[in-house]
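What follows is one structure encoded as structure tokens, with my remarks underneath.
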Amino acid sequence: MKKFILLFVAVALIIIICIQFFRPNLKNPPVTQDFQAPEDVKAILVRSCYDCHSNQTNLRWFDQVQPVFWQVAAHVRDGRKVLNFSNWDKLAPADQKAKLWEAVNQIEQSAMPIKSYEMVHTSAKVSAQDLAVLKQYLNGMVHSMPNDTAKINARDQQLKAMPEALKTKVTESLNGITYIPDYKNWQVISTSDRFDNGTTRVIYGNDIAVKAVKEHHINPWPNGTIFAKAAWDKLEDKDGNVTTGAFKQVEYMIKDAQKYKATKGWGFARFKTPKLVPYGKTAMFTTECINCHKPMKNNDFVFTFPIKN
Ligand code: HEC
Ligand code: HEC
């Protein structure tokens, strides 16, 4: 028996040594334009995110021991694909803001940095104070007052055009999902502000969703669950009172584990402006949706945590 264990350990050691020679090809490509921000903001992102979301990856020795290195290299490759602070010039200004907003959101939902990474790189953890610094920075990027005149005009024009808009026949989304007008009567599950582009959003759930919340049955959400998320411009007067401006869009997530297997059990659709123009150029637009929802995979791909009762 003892001999057998010794042999086993020896073989395992040899395998571990051998796999050290099969190394993923991980390089730092050139930086075209590094993300610029005040020092404190930048420092947080560099410390917590740059290993996977920049071309300035700084791996420690323990990251480079196999088989861990394979996993690390895959994270870096996938991370750079979706967000790369070293090619910041590749994004239009509005997309840069949107990415930052998304980044702060991922941190807030504890989806980023990736947990397995954070466990061994404890300094990458984003503290509550760091998060506040990032949020304040983003908040400062939204112009409030001057923009509001334009927003008020947009709302008024939209109201004027509404009777016409309501007459247009709504076409279905490219993946076959139709607009569901009834969401306005559903229960509000949550609201959120998007500080990068100044919109305010309301998230509604249908009866099945509401029942699932009551029964604490939300991971996974049951088939038939539907969420609707509607967005308006956010209007704020000088006393800080907030009202909704022009209607922007409504989005749906419909749970059917079988039918929407390709997108993790959720059917996605988005209808824009009061004319409810379906979003996307091909039916593949759903990849964009699920990719951004993916960090929430431990929460059935849903961001919203309903208010517990
Ligand atoms: C260990 C590597 C790693 C670290 C560190 C890391 N990420 Fe990520 N991140 C990824 C990977 C991999 C993805 C791809 C999403 C997926 O499918 O899981 C991703 C996805 C994202 C996305 C979604 C992008 C999109 O458009 O789909 C955002 C935003 C993001 N990360 C922000 C951050 C922020 C902010 C930090 C630092 C606080 C951070 N990440 C730290 C690996 C990492
Ligand atoms: C840039 C990242 C991103 C993309 C792309 C994205 N979402 Fe979301 N989605 C979010 C975030 C973050 C929330 C959480 C609510 C909030 O803060 O607005 C959310 C929430 C939702 C909700 C409410 C349920 C929930 O998960 O909280 C629906 C419905 C939804 N999204 C539909 C869609 C559809 C349809 C698409 C594609 C057309 C899409 N989303 C693309 C980030 C994204």
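The values are calculated or read from the model by the stated rules, or taken from the named source; none is laboratory data. Please read these numbers as outputs of a predicted model, since none were measured by experiment. Please note: Cβ atoms are built from the backbone with ideal geometry, for glycine as well, and neighbour counts cover all protein chains shown.
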Report whether or not THR225 is under 21 Å from SER190 (Cα atoms), in the same structural domain as ASN153 (by TED's automatic domain parsing), modelled with pLDDT of 95 or more and hydroxyl-bearing (Ser, Thr, Tyr). yes
Pull out all pairs, ordered by first then second residue, where Cβ-Cβ is under 9 Å, the residues are six or more apart or on different chains, the first lies in segment 44-55 and is under 10 Å from ILE107 (Cβ atoms), and the second is within 6 Å of ligand 1 (Cβ to nearest atom) and β-branched (Val, Ile, Thr). ILE44/VAL126; SER48/ILE107; SER48/VAL126; CYS49/ILE107; CYS49/VAL126
Of ALA283, ALA257, ALA262, which residue is modelled with pLDDT under 90 and in the same structural domain as VAL170 (by TED's automatic domain parsing)? ALA283
Filtered residue count, segment 270-309, keeping only those that are more than 7 Å from ligand 2 (Cβ to nearest atom), aromatic (Phe, Trp, Tyr) and closer than 10 Å to SER173 by Cα: 1
Of all residues in segment 64-78 being farther than 18 Å from PRO29 by Cβ and not hydrophobic (A, V, I, L, M, F, W, C), the one that is nearest to ligand 2 (Cβ to nearest atom): GLN71
Just checking, does segment 78-93 include any residue being out of contact with any Pro (no Cβ under 6 Å at 6 or more places or on another chain), aliphatic (A, V, I, L, M), more than 7 Å from ligand 1 (Cβ to nearest atom) and in contact (Cβ under 8 Å) with a residue 12 or more places away in the chain? no
Over 22 Å from LEU91 (Cα atoms) and either part of a loop (DSSP other than H, G, I, E, B) or out of contact with any Gly (no Cβ under 7 Å at 6 or more places or on another chain) (or both): does that describe VAL11? yes
If the Cβ limit is 6 Å and pairs must be 6+ apart or interchain, which residue in segment 96-121 that is within 13 Å of SER48 (Cβ to Cβ) and more than 10 Å from ligand 2 (Cβ to nearest atom) pairs with which residue that is at pLDDT 85 or above and among the basic types (Lys, Arg)? GLU118/LYS125
Within segment 39-57, can you find the residues that are closer than 16 Å to TRP88 by Cα and in contact with an Asp or Glu (Cβ under 6 Å, 6 or more places away or on another chain)? THR57
Test result for THR191, under 21 Å from the mean Cα position of the chain (by Cα), in contact (Cβ under 8 Å) with a residue 40 or more places away in the chain and closer than 25 Å to ASP237 by Cβ: no
Within segment 78-104, track down each residue that is surrounded by fewer than 18 Cβ atoms within 10 Å (Cβ to Cβ), in contact with a Cys (Cβ under 9 Å, 6 or more places away or on another chain) and not acidic (Asp, Glu). VAL82
I need the full set of residues from segment 250-283 which are in contact with a strand residue (DSSP E or B) (Cβ under 8 Å, 6 or more places away or on another chain) and on the phi > 0 side of the Ramachandran plot, in order please. GLY265, THR273, LEU276, GLY280
Could we say that TRP61 is surrounded by 13 or more Cβ atoms within 10 Å (Cβ to Cβ) and either at pLDDT below 95 or within 14 Å of ligand 2 (Cβ to nearest atom) (or both) here? no
State whether one or more residues within segment 166-184 are modelled with pLDDT of 90 or more, under 28 Å from GLU288 (Cβ atoms), in contact with a helix residue (DSSP H, G or I) (Cβ under 7 Å, 6 or more places away or on another chain) and within 16 Å of ligand 2 (Cβ to nearest atom). yes
Requiring at least 2 residues that are over 25 Å from ASN291 (Cβ atoms), in the same structural domain as LEU45 (by TED's automatic domain parsing) and aliphatic (A, V, I, L, M), the helices (runs of 4 or more DSSP H) wholly within segment 61-148 are 128-141
Looking only at residues in segment 40-49 that are closer than 17 Å to HIS121 by Cα and more than 8 Å from ligand 1 (Cβ to nearest atom), which one is surrounded by the fewest Cβ atoms within 10 Å (Cβ to Cβ)? ALA43
